[in-house]
Amino acid sequence: MPAVLGFEGSANKIGVGVVRDGKVLANPRRTYVTPPGTGFLPGDTARHHRAVILDLLQEALTESGLTSQDIDCIAYTKGPGMGAPLVSVAVVARTVAQLWNKPLLGVNHCIGHIEMGRLITGATSPTVLYVSGGNTQVIAYSEHRYRIFGETIDIAVGNCLDRFARVLKISNDPSPGYNIEQMAKRGKKLVELPYTVKGMDVSFSGILSFIEDVAHRMLATGECTPEDLCFSLQETVFAMLVEITERAMAHCGSQEALIVGGVGCNVRLQEMMATMCQERGARLFATDERFCIDNGAMIAQAGWEMFQAGHRTPLSDSGVTQRYRTDEVEVTWRD
């Protein structure tokens, strides 16, 4: 019964998780929160991670009831992500692996999300909508790869929402996306925004530029409220995501859809995806904020699958990479 310890710290979340044979034993997490109207810089984020990671490691061991002797493998996020935070976590993972004399595994962050989603929901072979602050992809598994059927051609949907939150000075606590979601529930008017789907791909930079340009003018003249803008932005970008996911499902003949990534815990997105799946006679699978948002357990779970399949990462290859596509990884643990 292998137990894997996973470190995640590719952006402003830092988490340490423990997974043993499909059961999450511990999953503590911290978030680096910045003032309203600002984002998070790599150096500051890395300093935050370094300050809390050892406490999280101790929390994870205590919560799981395990000791270092019970851990069989150390997994960490190799990429993609922000350089400085990735390095700060990888250094700790390498050090722990050497101190405890355990094998090391570098995990693709995107595949961590997918494997955690599959574990928690029980989805067998879904078309995956992966939506977060750094990534937006529609993915399906085929012949030992997670194939990307469509993706953003510029910024991720979560980045679009986060940057719009800065325009309106919306709080970053607990996250700008969550606060936009709550404001959108009070929106009454749909403001027409650019809708940009290009084949199987989407573009969010034009929508963001447009809404940044008109937001203050429309608010000053009383044409709409901040809640209306949040509602309109959500409805538009989520409709684009549903469209390309449905097209991928039709292409693959899939009867399952799985939403993963931080934006995936948005209830409105889940409602829109559920409607699309219902009309197709398909099933929707989604998780809550414990597992949608970046966490250590998802890296531990992907690491557990890789460990069982015989993967190991030598120290000489245990660096990080900010660009690490989902379809670069050979998925040897699936048929």
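The values are calculated or read from the model by the stated rules, or taken from the named source; none is laboratory data. Everything numeric here is computed off the predicted structure, so don't read it as measured data. For neighbour counting, all protein chains shown are included, and Cβ atoms are generated from backbone atoms with ideal geometry for every residue, glycine included. SASA here: full protein model, heavy atoms, side chains in, ligands and nucleic acids out. Shrake-Rupley method; radii C 1.70, N 1.55, O 1.52, S 1.80 Å.
Hey, could you check the stretch 1-27 for residues that are open to solvent by less than 10 Å² (accessible area, probe 1.4 Å) and part of a loop (DSSP other than H, G, I, E, B) and say which is farthest from SER68 (Cα to Cα)?
This residue is SER10.
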Contacts under 7 angstrom Cβ, first residue in the stretch 249-260 being surrounded by fewer than 24 Cβ atoms within 10 Å (Cβ to Cβ), partner assigned to a strand (DSSP E or B) and among the hydrophobic types (A, V, I, L, M, F, W, C), 6 or more apart: MET249/ALA257; HIS251/PHE149; CYS252/ALA140; SER254/ALA140; GLU256/PHE285
Selection status of THR34, polar (S, T, N, Q), out of contact with any strand residue (DSSP E or B) (no Cβ under 6 Å at 6 or more places or on another chain), farther than 29 Å from SER171 by Cα and in the same structural domain as HIS109 (by the TED database): no
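Run down GLU235, GLU256, GLU305 and say which single residue is closer than 30 Å to LYS188 by Cβ and of a type in the set (D, E, K, R).
GLU235
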Residue in the stretch 125-133 that is in a helix (DSSP H, G or I), in the same structural domain as SER209 (by the TED database), open to solvent by less than 10 Å² (accessible area, probe 1.4 Å) and of a type in the set (A, V, I, L, M, F, W, C) present: no
Residues of the stretch 50-101 satisfying the condition of being open to solvent by 10 Å² or more (accessible area, probe 1.4 Å) and assigned to a loop (DSSP other than H, G, I, E, B): GLY65, LEU66, THR67, ASP72, PRO80, GLY81, MET82, TRP100, ASN101
Among the candidates THR95, THR136, THR67, residue that is touching a residue at least 12 places away in the same chain (Cβ under 8 Å) and either assigned by the TED database to the domain that holds ALA257 or of a type in the set (Ser, Thr, Tyr) (or both): THR136
Matching option when the condition is open to solvent by less than 30 Å² (accessible area, probe 1.4 Å), part of a loop (DSSP other than H, G, I, E, B) and at pLDDT 95 or above, among THR332, THR313: THR313
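Hey, among the residues in the stretch 184-206 that are outside any loop (DSSP other than H, G, I, E, B), of a type in the set (A, V, I, L, M) and under 14 Å from LEU241 (Cα atoms), which one's least open to solvent (accessible area, probe 1.4 Å)?
This residue is VAL202.
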In the stretch 288-310, the residues that are at pLDDT 95 or above, part of a loop (DSSP other than H, G, I, E, B) and not aliphatic (A, V, I, L, M): ASP294, ASN295, GLY310
